[in-house]
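Accompanying notes for the structure given below.
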Amino acid sequence: MKLLVTGGAGFIGSNFVRHVLREHPEDQVVVLDKLTYAGRMENLADHEDNPNFSFIQGAIEDREVVAQAVEGVDAIINFAAESHVDRSIEEPDAFITTDVFGTQVLLEAAREQEIGRYLQISTDEVYGSIDEGTFTEESPIDPSSPYSASKAGGDMLVQAYHRTYGLPALITRASNNYGPYHYPEKLIPLCVLNAFAGIKLPVYGDGMQVRNWLYVEDHCTGIYTALTKGNVGEVYNIGGPDECPNIEVVKRIVELTGNDESLIEYVKDRPGHDVRYSLSSAKIRALGWEPKTHFAEGLEETVQWYRDNEWWWGPIRSGEYLEFYKRQYGQALQ
Ligand code: NAD
Ligand code: TYD
């Protein structure tokens with residue numbers, strides 16, 4: 001198959017590209033990515049010379065570049081998104097442009113060029129927060145942040161293009177990912193890098209919010225399963241095997257980095273903060289998928305990856321990142 005992977009220079013997209021080129025050498029991968037602050041060619045450095053890999057720089061909301069990129073592809077997998085909740089609270093516009101309008105431009109190109117399959121990479125955050133139990137694919141959409149609302153908008157368009165035009169499209173909704181190449185604005189990589197530097201680890205509110213952690217490689221196998229075995233018109237949840245309150249995640253990072261808990265700092269809570277995410281993955285498990293990595297083991301591997309790859313994260317913690325950090329946490333990083 002020839003796959004168009006939009007947003008393939010970001011965290012999950014680049015892990016997916018690596019997964020496909022390694023595990024499915026019969027496939028070809030074309031990445032279309034705008035290279036925002038979160039998209040980096042460093043994420044794809046090991047594949048630049050692979051004959052099965054090519055890269056186009058461009059935005060999914062740009063009809064011309066999208067029309068060129070989709071030519072001759074068998075499937076589109078759309079990872080491209082603005083993805084950080086805190087940035088969506090600060091400045092929502094780009095979230096609508098990419099996550100809603102960009103999705104519609106991709107869907108339209110897929111329809112015009114009769115692409116065989118369109119897979120939208122979505123998130124459990126579209127369901128909102130759940131105090132007890134788990135969300136299934138039938139749970140109502142109830143987003144809380146501009147980020148999750150923009151992702152929900154994208155999902156609704158995918159559903160409409162399937163129902164109205166018969167587009168062979170499907171959606172996966174995953175829980176919180178973690179692992180290598182994760183941009184250090186998100187909880188785990190931010191705390192790991194702060195811990196390395198002996199800088200405070202910011203915990204929002206009381207730290208009792210629960211996330212359902214999914215190792216990124218397990219997400220990639222789930223996406224490939226949905227792509228090749230899933231039914232069009234369907235949604236598939238891809239949830240991690242373990243749930244953990246944020247404060248426990250941060251304490252574990254403190255331990256793995258040889259620090260003590262005085263490094264933890266409770267800071268102002270996020271507005272509209274979802275208390276708990278939890279997904280039932282029975283539907284994709286019925287297709288033969290299961291997550292292989294438990295959180296304890298995956299977190300240890302992730303900390304080790306950051307320890308070994310300062311070449312990757314060192315350059316990020318400068319420039320725009322420092323400005324973002326100061327705005328977000330009200331204190332300078334260095
Ligand atoms: P990320 O922010 O690391 O990467 C996003 C990528 O999209 C970057 O390479 C960026 O350059 C690119 N991009 C942004 N706007 C673009 C545009 N207009 N046109 C083309 N490319 C653009 O995000 P991520 O964490 O890798 O998430 C990937 C996808 O998975 C997103 O759709 C996100 O909603 C979804 N998701 C993420 C998680 C998670 O825990 N990170 C969980 C479930 C679902
Ligand atoms: P995040 O990694 O931003 O993912 P999401 O908001 O998509 O779940 O945040 C994970 C959880 O950690 C969330 O409950 C917010 C919290 N959090 C903190 O407590 N401190 C931080 O500095 C960050 C970035 C997040």
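Taking every C-alpha pair closer than 8 Å and separated by at least 6 residues, the mean separation divided by the residue count of the chain gives a relative contact order of 16 percent. With the biggest extent put first, the Cα atoms of region 91-170 measure 43, 30, 17 Å across the principal axes.
Before anything else, pin down the relative contact order of region 79-204: Cα pairs under 8 Å, at least 6 apart, normalised by residue count, whole percent. The partial results should precede the final answer.
Details: 148 pairs, mean separation 36.2, N = 126.
Over region 79-204, the number comes to 29 percent.
Couplings 3J(HN,Hα) for region 282-287, derived from phi with the Karplus relation 6.51 cos²θ - 1.76 cosθ + 1.60 (θ = phi - 60°), are 4, 5, 7, 4, 5, 8 Hz, where x marks Gly and Pro.
With a sphere of radius 9 Å drawn around the Cβ of T98, what net charge do the other residues whose Cβ falls strictly inside it have (Lys, Arg +1; Asp, Glu -1)?
Here the count lands on -2.
Just to confirm my numbers, what's the Cα centroid distance between region 201-234 and region 138-156 in Å? So the separation of the two Cα centres works out to 15 Å.
Using only the C-alpha atoms, the convex hull of region 200-334 corresponds to 153 Å³ per residue. The fraction of accessible area contributed by carbon and sulfur in region 186-334 is 49 percent, rounded to a whole number (1.4 Å probe; ligands and nucleic acids excluded). Between W312, W213, W289, the GNM of the chain built on Cα springs shorter than 10 angstrom shows W312 fluctuating the most.
Which of K151/K292; K34/K229; K186/K326; K2/K151; K186/K268 have a Cα-Cα distance over 21 Å? Working shown, then result.
Values: K151/K292 27 Å; K34/K229 29 Å; K186/K326 15 Å; K2/K151 25 Å; K186/K268 16 Å.
Correct reply: K151/K292; K34/K229; K2/K151.
By its C-alpha gyration tensor, with a ≥ b ≥ c as the square roots of the eigenvalues, how is region 244-302 shaped: rounded for a/c under 1.5, else prolate for a/b larger than b/c, else oblate? Verdict is oblate for region 244-302.
As a fraction of the 1.4 Å probe accessible area of region 86-181, surface on carbon and sulfur atoms comes out at 48 percent.
Roughly how big is the chain's charge dipole about its Cα centre, with Cβ charges of +1 (Lys, Arg) and -1 (Asp, Glu), in debye to the nearest 20? Walk me through the numbers on the way to the answer.
Values: 28 positive and 52 negative charges, 20 e Å.
That gives the chain a dipole magnitude of about 100 debye.
With the helix formula -39500 (n - 2.57) applied to DSSP H stretches of n ≥ 4, the chain reaches a computed 222 nm mean residue ellipticity of -11500 deg cm²/dmol.
Here's how it looks for K2: its modeled amide H is under 5 Å from those of Q28, D74, A75, which are all 5 or more places away or on a different chain.
Rounded to the nearest 20 debye, what is the charge dipole size of region 62-113 about its Cα centre when +1 sits on each Lys and Arg Cβ and -1 on each Asp and Glu Cβ? Before the final figure, lay out the partial values.
On the way: 3 positive and 12 negative charges, 34 e Å.
Dipole magnitude for region 62-113 comes out near 160 debye.
Place a label point 7 angstrom from the Cα of N259 along the Cα-to-Cβ direction, then list the residues of region 187-204 whose backbone nitrogen is under 12 Å away. Correct set: 188-203. Overall dimensions of the chain, expressed as equivalent-ellipsoid semi-axes from the Cα gyration tensor (√(5λ), whole Å, largest first), are 31, 22, 19. Of the residues Y127, S14, A45, the one whose Cα sits farthest toward the positive end of the charge dipole of region 14-148, with +1 on the Cβ of Lys and Arg and -1 on the Cβ of Asp and Glu, is A45.
The values are calculated or read from the model by the stated rules, or taken from the named source; none is laboratory data. Keep in mind the model is a prediction, meaning the values are calculated, not measured. Cβ sites come from the backbone with ideal geometry, for glycine too, and all protein chains shown count toward neighbours. Accessible surface areas use protein heavy atoms only, side chains included; no ligands, DNA or RNA. Shrake-Rupley method; radii C 1.70, N 1.55, O 1.52, S 1.80 Å.
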